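Here it is, the structure in full.
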Amino acid sequence: MESIKSFLPLLAVLAGYLVGSLSFAVIVSRVMGLSDPRTFGSKNPGATNVLRSGSKAAAILTLLLDAAKGWLPVVLVQWYGPAYGLGDGTMAMVGLAAFLGHVFPVFFNFAGGKGVATALGVLLGLSGWLGLATALVWLLVAAVFRFSSLASITAALLAPVVYVLGDGGLWIMSKSVALSVAVMSLFLLYRHAANINRLFKGTESKLGKKADAGPVAHAPGRGHAKHGHRHPPHTDQKAHTKADQP
């Protein structure tokens, strides 16, 4: 029995990683008949890129499910772990594993998203107040500047700071949890390296902007060639042509 208990932390971490590996941006898009988010926009399988498909419902569903897969493993360990000897260390590792599962999903050739929603879910699981404070930072920055990436970067930078500052008030700080939050923040910054570059260049896409569509084929109008013959322009077309010349 003791030998089985010694494997429980490892099994919990593995389960967290597998749950995190479910790329809901891809799954939701397939179920709703949308384009694969890995093929347009930023090519990132996340809620923000799904929004660029034009479907708000798909984006919201992706956001909720991506957050839920970070929250659920953490709270399960929090609720039921103590009876099996699983403490804060296991809870922190399970949350980090779920986050890394989203970033490097085993079910999708280890090519995942940036992990913002999943990280938020993990933080909500670790402490509701911590998650809410981080979400508020994201919302404020996004509302003011309209850049999802800038909001995510700011929230990632401040999450460990908020956790340390809240010690002794809203929660009792755990070193293992602090380390887990710090590692997630570093990964989030790393995954946003291209966004940071585009922000400095002024080429970053703003929230709500749809992905660029392919060229649209226009039907031939009057005066265009038909059956291999060119029709002369009408009188009013000639007048416009002359008027447009310098």
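Any read-out appearing in this document is the output of simple, stated calculations on the displayed coordinates, not a laboratory observation. Computed from a prediction, not measured in an experiment: that's the story for all the values here. Ideal geometry is used to build each Cβ from the backbone, glycine not excepted, and the neighbour counts take in all protein chains shown.
Counting alpha carbon pairs within less than 8 Å and at least 6 residues apart, what relative contact order, in whole percent, applies to region 2-201?
21 percent
Given the convex hull over the Cα atoms of region 14-145, what projected area results after averaging over all orientations, in nm²?
8.1 nm²
Quick one: PHE40, PHE99, PHE24, PHE107, fewest Cβ neighbours within 10 Å first, how do they rank?
So the ranking, lowest neighbour count to highest, is PHE107, PHE40, PHE24, PHE99.
Return an integer: the convex hull volume of the alpha-carbon atoms of region 80-204, in Å³ per residue.
Dividing the Cα hull volume of region 80-204 by its residues yields 109 Å³.
How big is the charge dipole of region 2-201 about its Cα centre, in debye rounded to the nearest 20, if each Lys and Arg gets +1 on its Cβ and each Asp and Glu gets -1 on its Cβ?
So the dipole magnitude of region 2-201 works out to roughly 740 debye.
Does region 109-149 classify as rounded, prolate or oblate by the C-alpha gyration tensor (a ≥ b ≥ c root eigenvalues; a/c under 1.5 gives rounded; else a/b over b/c gives prolate, otherwise oblate)?
Oblate is the answer for region 109-149, as a/c is 1.5 or above yet b/c matches or exceeds a/b.
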